[in-house]
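The values are calculated or read from the model by the stated rules, or taken from the named source; none is laboratory data. A quick note: this is a predicted structure, and the numbers were derived from the prediction, not measured. Note: ideal-geometry Cβ built from the backbone for every residue, glycine included; neighbour counts use all protein chains shown. Protein only, heavy atoms only, side chains kept; ligands, DNA and RNA dropped before computing areas. Shrake-Rupley method; radii C 1.70, N 1.55, O 1.52, S 1.80 Å.
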Amino acid sequence: MSDLRTKAGQKVRLFVDMDGTLCKWQSVEQFEKLLEKGFFLSMDENQSVVAAVREIISNRKDIEVYTLSATLAENPYAIEEKDAWLTAHIPELDTSHRLYSRCGSQKSEIVPGGNRASDVLLDDYTHNLLDWSKCSRGMKLCNGINDTRKTWQGARAYASEDSTALANDIAAFCLMQN
């Protein structure tokens, strides 16, 4: 297996969103539900996405995987619960590779060492991808409830794919030369 690295000799970094990407999106009728203890911990996984990320972590040493998830400042449980969820579902992911931004801020603001042109964000939310693509590359995860307006014009991955095909699609995009 080749160890493709960026021009600076660094591994390609993949940042993966949680809500709507690793976890199935949960609609709520009242905002307060998002603030309840146990809300994030109880989220169902997008099985093919979780399995694909685990496969990339285990088999693609040329890609360094991080999670990058937004949290509500009003929810005192969010980071602790998201960490516990990741430990349960993706135990291979190093805790130092779990990043949390505040809802409403740009995800790129908390990337260690700043964004690189070779960095990739896998996210279900077009707004995040548009911000990210100003300095790096984005890939939209189509999860069955988003992408109805086709506002994202870049690369796409599909949660409906089997995990191996999904892992291969994500890895191929990550390793594509800029």
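Here's the yes/no breakdown for (1) out of contact with any Phe, Trp or Tyr (no Cβ under 8 Å at 6 or more places or on another chain); (2) free of Cβ contacts under 8 Å to residues at least 12 places away in the same chain:
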position: Glu32; (1), (2): yes, yes
position: Leu41; (1), (2): no, no
position: Gln47; (1), (2): yes, no
position: Ala51; (1), (2): yes, no
position: Tyr77; (1), (2): no, no
position: Glu81; (1), (2): no, no
position: Trp85; (1), (2): no, no
position: Ser108; (1), (2): no, no
position: Arg116; (1), (2): yes, no
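Looking only at region 134-153, which residues are under 21 Å from Asn115 (Cβ atoms), assigned to a loop (DSSP other than H, G, I, E, B) and open to solvent by 30 Å² or more (accessible area, probe 1.4 Å)?
Residues of region 134-153 that are under 21 Å from Asn115 (Cβ atoms), as a first pass: 134-141, 152-153.
Applying the additional criterion that residues be assigned to a loop (DSSP other than H, G, I, E, B) yields 134-136, 152-153.
Correct list: Lys134, Cys135, Gln153.
Can you give me the ranges of the strands (runs of 3 or more DSSP E) entirely in region 5-104 with at least 2 residues that are surrounded by fewer than 17 Cβ atoms within 10 Å (Cβ to Cβ) and touching a Ser or Thr at 6+ places or on another chain (Cβ under 7 Å)?
Numbers: elements: 12-16, 63-71, 98-102.
The qualifying strands (runs of 3 or more DSSP E) are 98-102.
If Arg156 satisfies all but one of (1) over 17 Å from Glu64 (Cβ atoms); (2) not in a strand (DSSP E or B), what's the number of the condition it fails?
Among (1) over 17 Å from Glu64 (Cβ atoms); (2) not in a strand (DSSP E or B), the lone unmet condition for Arg156 is (2).
Go through the residues of region 164-173 one by one and say whether even a single one is part of a loop (DSSP other than H, G, I, E, B) and touching a strand residue (DSSP E or B) at 6+ places or on another chain (Cβ under 9 Å).
Of the residues in region 164-173, the ones part of a loop (DSSP other than H, G, I, E, B) are none.
No: zero hits.
Would you confirm whether any residue within region 120-127 is among the acidic types (Asp, Glu) and assigned to a strand (DSSP E or B)?
Start the filter on region 120-127 by keeping residues that are among the acidic types (Asp, Glu), which leaves 123-124.
Checking which are assigned to a strand (DSSP E or B) leaves us with 123.
Yes, the conditions are met somewhere in region 120-127.
Residues of region 105-130 being over 17 Å from Met176 (Cα atoms) and surrounded by fewer than 18 Cβ atoms within 10 Å (Cβ to Cβ), which ones?
Listed by number, the residues that qualify are Ser105, Gln106, Glu109, Ile110, Pro112, Gly113, Gly114, His127, Leu130.
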